[in-house]
1. Give me the number: length gained by fully extending Thr112 to Val57, i.e. 0.36 nm times residue separation minus the C-alpha to C-alpha distance, one decimal in nm.
2. When the Debye formula is applied to the Cα atoms of region 60-116, each taken as the same point scatterer, what base-10 log of I(q)/I(0) results at q = 0.18, 0.20, 0.26 Å⁻¹?
3. Please give the direction-averaged projected area of the C-alpha convex hull for region 40-140, in square nanometres with one decimal.
4. Scan around Ala136 for amide H atoms under 5 Å from its own, H built in the peptide plane at 1.01 Å from N, and keep only partners 5 or more places away or cross-chain.
5. Show me, for region 128-133, the HN-Hα J-couplings you get by feeding each phi into the Karplus relation (A = 6.51, B = -1.76, C = 1.60, θ = phi - 60°), rounded to Hz, glycine and proline as x.
6. With unit charges on the beta carbon (Lys/Arg positive, Asp/Glu negative), name the residue among Leu91, Ser131, Thr71 whose Cα is farthest towards the positive pole of the charge dipole of region 53-140.
7. Using heavy-atom solvent-accessible surface (probe 1.4 Å) with all chains present, what is the largest-first order of Ser107, Ser134, Ser96?
8. Could you sort Thr122, Thr71, Thr94 by accessible area so the largest value comes first, with the probe set to 1.4 Å?
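The values are calculated or read from the model by the stated rules, or taken from the named source; none is laboratory data. Predicted model, so just to flag it, every value in this text is computed and none were measured. Glycine also receives a Cβ, built like all others from the backbone with ideal geometry; neighbour counts cover every protein chain displayed. Protein only, heavy atoms only, side chains kept; ligands, DNA and RNA dropped before computing areas. Shrake-Rupley method; radii C 1.70, N 1.55, O 1.52, S 1.80 Å.
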Amino acid sequence: MNARRRTVLAAGAAGAAALATGCGSSDGDGGDASPAPSAPGDAPGGAELARTGDIPVGGGTIFKEQKIVVTQPTEGDFKAFSAVCTHASCLVSTVSDGTINCPCHGSRFSITDAAVEAGPATRPLPAEEISVSSGAIRLG
């Protein structure tokens, strides 16, 4: 094993150990430590994903980190779908002309219901659950 590979492996092992250590309870009573608050845009457990004004009417916005695409087919009608193409698991890259578009092989999905508009994908993008309230779009 060369020195560079040993360095990379050692760094990976140290990082994994640090993550495992950080996941344990440190309050001494055996109970779970309180989770850290979500940062805006993280969107776990109902955190705000976007503002309604961020999603164009007749288009959509891709949230790469969350692997979600949120669309607004008509004004005030918000939909959310997985941003992972059902053909080869590539992340979709654009929303334009009424479709969610995958760059890998050209699959296109409807912004209304994620139905396949053009293959090679044969299955629609799975729906994701969102809530819309007071101008905020949240997961879940």
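1. Details: separation 55, 0.36 × 55 = 19.80 nm, distance 1.13 nm.
Between Thr112 and Val57, full extension yields an extra 18.7 nm.
2. Values returned for q = 0.18, 0.20, 0.26 Å⁻¹ are -0.49, -0.60, -1.02.
3. 5.5 nm²
4. Thr52
5. Karplus-based 3J(HN,Hα) across region 128-133 equals 10, 8, 9, 10, 10, 8 Hz.
6. Leu91
7. From most accessible down to least: Ser134, Ser96, Ser107.
8. Most to least solvent-accessible, the answer reads Thr122, Thr94, Thr71.
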